[in-house]
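The values are calculated or read from the model by the stated rules, or taken from the named source; none is laboratory data. It should be emphasised that the depicted structure is a prediction, and the values quoted were computed from it without experimental measurement. Cβ atoms come from the backbone with ideal geometry, glycine included; neighbour counts cover every protein chain shown. Just so you know, the surface numbers come from the protein's heavy atoms only, side chains and all, with ligands and any DNA or RNA stripped out. Shrake-Rupley method; radii C 1.70, N 1.55, O 1.52, S 1.80 Å.
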Amino acid sequence: MLRFEHVSKRYPNGTMAVDDLDFEVAEGELVTLVGPSGCGKTTTMKLVNRLEEPTAGRILLAGEDVAEVDPVRLRRRIGYVIQQVGLFPHRTVLDNTATVPVLLGRGRRAARARAAELLELVGLDPAVYGGRYPDQLSGGQRQRVGVARALAADPPVLLMDEPFGAVDPVVRERLQNEFLRLQQEVRKTVLFVTHDIEEAVRLGDRIAVFGQGRIEQYDSPAAVLGAP
Ligand code: ADP
Ligand code: ADP
């Protein structure tokens, strides 16, 4: 579904953020990208949805070079959830979740009905939380809304960049469990960035272990844990 072919990215200041990434992610597979800060994980994600362009190589999404896909169209096919999800502060939780489908031309009523289903799926009762504003939610709840919103366009691919990184450990574990359950239902192709090896092992079907701009190991959690 997603294939990196000898992809490198050098920023204009000369930093070689990623160097010769060459790997693929199967449809419905959840791959965690793990490694210390500054090793190129976020850059890898940004190359997929064209927030950055590679300086060498190419990335194929379902066989199509992303460089040839219009960025707006591309981002309909790729959901993106970041550590501090930015919600529209003056829109309710339900409207935040329904925004993208409405923009895509779905009827408002249908979009809101789907948004309510998605909120339910991420563990937020729409009857309780749908009418709240983002500042009336906890951090963990805001992240859930971010996940629901990313799923609202029904993209085949999800990019998640430390989505549970800013919440406390207990909440984080709950979000991980819920996300695993959700993933069993929706079966998206997921790239999931974390600097926490436990999280990477827990969530990943496969793990890409990063070190300074390169993938040092790309294997199952068991194989990564068993490595010397
Ligand atoms: P990670 O997500 O693993 O923390 P990043 O992909 O954010 O790593 O960064 C990889 C490297 O690229 C780091 O050395 C970082 O300082 C550098 N970098 C990231 N973004 C930029 C940028 N816009 N311009 C220049 N260098 C950058
Ligand atoms: P979570 O475990 O989901 O992160 P918290 O433990 O942070 O939740 O919050 C506990 C409860 O307090 C939640 O039900 C949340 O709705 C409520 N809450 C947190 N912050 C606010 C706020 N600013 N306004 C109203 N309710 C809040």
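Quick one: D135 ticks every box in (1) open to solvent by less than 70 Å² (accessible area, probe 1.4 Å); (2) touching a residue at least 40 places away in the same chain (Cβ under 8 Å); (3) acidic (D, E) bar one, so which box is it?
(1)
When only residues in region 205-216 that are in contact with a Phe, Trp or Tyr (Cβ under 9 Å, 6 or more places away or on another chain) and open to solvent by 10 Å² or more (accessible area, probe 1.4 Å) count, which is nearest to G79 (Cα to Cα)?
In this case the residue turns out to be R206.
Taking strands (runs of 3 or more DSSP E) that fall entirely within region 133-213, which contain at least 2 residues that are in contact with a strand residue (DSSP E or B) (Cβ under 8 Å, 6 or more places away or on another chain) and within 11 Å of ligand 2 (Cβ to nearest atom)?
Strands (runs of 3 or more DSSP E) meeting the threshold: none at all.
In this structure, does L118 turn out to be open to solvent by less than 80 Å² (accessible area, probe 1.4 Å) and either of a type in the set (A, V, I, L, M) or within 19 Å of the chain's Cα centre (by Cα) (or both)?
yes
Please find, among G123, G165, G86, the residue that is modelled with pLDDT under 95 and touching a His at 6+ places or on another chain (Cβ under 9 Å).
G165
Failed condition for G213, given (1) modelled with pLDDT of 90 or more; (2) closer than 25 Å to G86 by Cβ; (3) within 16 Å of ligand 1 (Cβ to nearest atom), with all others met?
It is condition (2) that G213 fails.
Could you check region 130-164 and list, in sequence order, the residues that are in contact with a helix residue (DSSP H, G or I) (Cβ under 7 Å, 6 or more places away or on another chain), within 16 Å of ligand 1 (Cβ to nearest atom) and not aliphatic (A, V, I, L, M)?
The answer is D161, P163, F164.
Give the residue that is surrounded by the fewest Cβ atoms within 10 Å (Cβ to Cβ), with candidates limited to residues of region 16-55 that are over 21 Å from S220 (Cβ atoms), β-branched (V, I, T) and in contact with a helix residue (DSSP H, G or I) (Cβ under 9 Å, 6 or more places away or on another chain).
V48
Show the residue pairs meeting these rules: Cβ distance below 6 Å; 6+ apart or different chains; first residue within region 42-70 and closer than 10 Å to V18 by Cβ; second residue open to solvent by 70 Å² or more (accessible area, probe 1.4 Å) and more than 16 Å from ligand 1 (Cβ to nearest atom).
Here the result reads G57/H6, each pair linking region 42-70 to a residue that is open to solvent by 70 Å² or more (accessible area, probe 1.4 Å) and more than 16 Å from ligand 1 (Cβ to nearest atom).
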